[in-house]
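Novice: The structure follows.
No lab work stands behind these numbers, since they all come straight from the coordinates. All values derive from a computational prediction rather than experimental measurement. All Cβ positions, glycine included, derive from the backbone under ideal geometry; neighbour counts span all protein chains shown.
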Amino acid sequence: MGSWHPECPERLDAIADHLLATGVLPQLIEREAPNAPPEAVTRVHAAHYVERLTQQVPAEGYYPIDPDTLMNPHTLAAAWRAAGAAVAAVDAVMGGDADTAFCAVRPPGHHAEPDKAMGFCFFNNVAIAARHALEAHGLSRVAVVDFDVHHGNGTEAALQGDDRILMCSFFQHPFYPFSGTRNPAPNMLNLPVSAYGDGGIVRPLVQDEWLPRLHAHRPQLILISAGFDAHREDDMGQLGLVEADYAWITEQIMAVAREHAQGRVVSCLEGGYALSALGRSVAAHIRALAGIG
């Protein structure tokens, strides 16, 4: 989105470099992301919206969707593959080719609404994966967990009111996109956290609020919107999580998955813009997902 922009290619480099340096990467199976099937995307996004994005792709330079969200000539191609990674990961986990999956994707997705791009997001990768799991794999119950510092307004807009899906999140509030606290649907568990909240605030919310609802829902698959911008080193927000918190949250999710979902978890990268903290946090998250000591 431009050399000044925090949502930059170096984010994925930082993740790969840290996974390699710490010996995690050789223990993982890597796959290239395919394009998402169009029908998977249009289960979430209006066809006219997809067509509008196609028409807005610039031949060169940038096309501003809003002051913070810009398209270059390759943005939409990347968005198709980011959504495709989420769909392929669901297929792999449901087909028994993998127990868990982490999708290291850009652009992120959880702010993308059914007919609106915003917040660096174009296609809502996790919502697309959730609909794919329900419609293509015939699941009856799916859970979405979002621990990005920002509320996943797009995911909520796409999935609210569908009692097959439970979405659990915490997010800094008041904060962009200033949503998530007004009359959420019954299948939405939205937990606002004040600025400067840290693991001492967040862990009890997960323990006392998320886990009972997740166990009651008995998900057959858990999807994670894995944003790491609530890290204390990330100035995108003002929360104070550290790597140990991300590992602990992931371990709690894995315990629910083992009990109800045959261990099936698909995680998709969302935010996280302090590069060193991002690499360390993703490694902690993946270690917990993969059961790597």
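Novice: Note the full-extension length gain between Y62 and Q238 as 0.36 nm times their separation in residues minus their Cα-Cα distance, in nm to one decimal.
Specialist: On the way: separation 176, 0.36 × 176 = 63.36 nm, distance 2.96 nm.
Length difference between fully extended and current span is 60.4 nm.
Novice: Hydropathy at least -1.0 by Kyte-Doolittle, axial extent at least 30 angstrom from the Cα trace: which helices of the chain, defined as entire DSSP H runs, fit?
Specialist: none
Novice: Between H215 and A16, how high is the FRET efficiency from 1/(1 + (r/R0)^6) when r is the Cβ-Cβ distance and R₀ = 45 Å? Nearest 0.05.
Specialist: 0.80
Novice: Please list the non-local residues whose amide H lies under 5 Å from the amide H of A195, H modeled 1.01 Å from N, same-chain partners needing a gap of 5 or more.
Specialist: H173
Novice: Only loop residues by DSSP count here, and only those with at most 16 other Cβ atoms within 10 Å; note down the GluC sites (Glu not before Pro) in region 24-119 that meet that.
Specialist: Hits after loop and neighbour filter: E30, E32, E60.
Novice: Also, quick follow-up: Would you work out if region 1-144 is rounded, prolate or oblate? Take a ≥ b ≥ c from the square roots of the eigenvalues of the alpha-carbon gyration tensor; rounded if a/c is under 1.5, else prolate when a/b is larger than b/c, oblate otherwise.
Specialist: The shape class here is oblate.
Novice: Could you tell me how far the Cα centroid of region 269-288 sits from the Cα centroid of region 118-173, in Å?
Specialist: Going from one Cα centre to the other spans 20 Å.
Novice: Run lengths n ≥ 4 of DSSP H only: what is the helix-derived mean residue ellipticity at 222 nm for the chain, with -39500 (n - 2.57) per run over all residues, to the nearest 500?
Specialist: Calculated from helices alone, the mean residue ellipticity at 222 nm is -12000 deg cm²/dmol.
Novice: Expected output is a single nm value to one decimal: the length gained when fully extending between L28 and R52, i.e. 0.36 nm times separation in residues minus the C-alpha distance. What is it?
Specialist: 4.9 nm
Novice: I would also like to ask the following. I'd like the FRET efficiency for D115 and Q160, computed as 1/(1 + (r/R0)^6) with the beta carbon distance as r and R0 of 22 Å, rounded to 0.05. Walk me through the numbers before you get to the answer.
Specialist: Working: r = 15 Å, r/R0 = 0.67.
The computed FRET efficiency comes out at 0.90.
Novice: With both partners inside the chain, how many of the DSSP beta bridges are antiparallel, as a percent to the nearest 5? Kindly include the intermediate steps, with their values, before the conclusion.
Specialist: Working: 5 of 32 bridges.
That works out to approximately 15 percent antiparallel.
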